[in-house]
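Here the structure comes first, spelled out in structure tokens, and everything after it is commentary.
The values are calculated or read from the model by the stated rules, or taken from the named source; none is laboratory data. In this text, all values refer to a predicted model and were calculated from it rather than measured experimentally. Quick reminder, even Gly has a Cβ in these numbers, built from the backbone with ideal geometry, and neighbours come from all protein chains shown. All accessible areas refer to the heavy atoms of the entire protein, side chains included, with ligands and DNA or RNA removed. Shrake-Rupley method; radii C 1.70, N 1.55, O 1.52, S 1.80 Å.
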Amino acid sequence: MRLKLVLPVVLTLLVQRTLGMPGVPPWTAEILLPVVWIVAAALLQKERNWPYEALLLGLAWDVMFEPVIGPGGIAWSAAGLALYALAGVVADRSPKAWAGFGLVGAAMIILVHSAALVPLGLPLSLSLGHWLRSVVFTAGWCGLVGAVLVLDLPGQWQNYRARKLR
């Protein structure tokens, strides 16, 4: 994983961990915040080795949130590869595309993760309500990140400061 992305990814995982703490509304734990990293990698397509980064992200997810290490890596890398294939077909890079990719990524992560837990004999905790809420909230989160990128606030601030200095 590129060194400049390690800190933001770790911060995203730590914020994800705090969303499940007592005192925080329970629905916030259903947002899969790190999905935005595989959506960004698929939509921006700047590097070819990001499926390995999705695998590392999944393994980090397993270390922080799961009882077993492995199924998260499978699920996150499968979602990363699916989003990469989808990005080759879809030309749109708008916030709606970010939301759609977040929806597909979250749906794949949850389903593949649940399927990977079945052979291990662990109880299946997949419910339709949880799956739908998680997919919709994650899609909204990814759409919000896409909207912030379209707004390009740092670039607008830099233009404002340059005009003000003249």
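Values for this structure:
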quantity	calculated
Selection from the stretch 48-77 of residues that are in contact with a His (Cβ under 9 Å, 6 or more places away or on another chain), of a type in the set (Gly, Ala, Ser) and over 19 Å from residue 141 (Cα atoms)	72, 75
Residue in the stretch 150-157 that is under 12 Å from the mean Cα position of the chain (by Cα) and open to solvent by less than 60 Å² (accessible area, probe 1.4 Å) present	no
Single unsatisfied condition, residue 38 versus (1) in a helix (DSSP H, G or I); (2) open to solvent by 20 Å² or more (accessible area, probe 1.4 Å)	(2)
Subset of the stretch 114-130 that is hydrophobic (A, V, I, L, M, F, W, C) and in a helix (DSSP H, G or I) - its residue that is most open to solvent (accessible area, probe 1.4 Å)	128
Only one of 133, 161 that is in contact (Cβ under 8 Å) with a residue 60 or more places away in the chain and surrounded by fewer than 19 Cβ atoms within 10 Å (Cβ to Cβ)	133
Residue satisfying condition, being assigned to a helix (DSSP H, G or I), of a type in the set (Gly, Ala, Ser), touching a Lys or Arg at 6+ places or on another chain (Cβ under 8 Å) and on the phi < 0 side of the Ramachandran plot, within set 143, 80	143
The lone exception for residue 90 - which of (1) more than 25 Å from residue 41 (Cβ to Cβ); (2) within 20 Å of the chain's Cα centre (by Cα); (3) free of Cβ contacts under 8 Å to residues at least 12 places away in the same chain it fails	(1)
Given (1) acidic (Asp, Glu); (2) part of a helix (DSSP H, G or I); (3) surrounded by fewer than 13 Cβ atoms within 10 Å (Cβ to Cβ), index of the condition residue 53 fails	(3)
Test: residue 72 is modelled with pLDDT of 90 or more and open to solvent by less than 90 Å² (accessible area, probe 1.4 Å)	no
Inter-residue pairs, beta-carbon under 8 Å, first under 23 Å from residue 58 (Cα atoms) and in the stretch 16-28, second basic (Lys, Arg), 6+ apart	27/133
Unique match (being among the hydrophobic types (A, V, I, L, M, F, W, C), part of a helix (DSSP H, G or I), modelled with pLDDT of 85 or more and touching a Gly at 6+ places or on another chain (Cβ under 9 Å)) among 59, 14	59
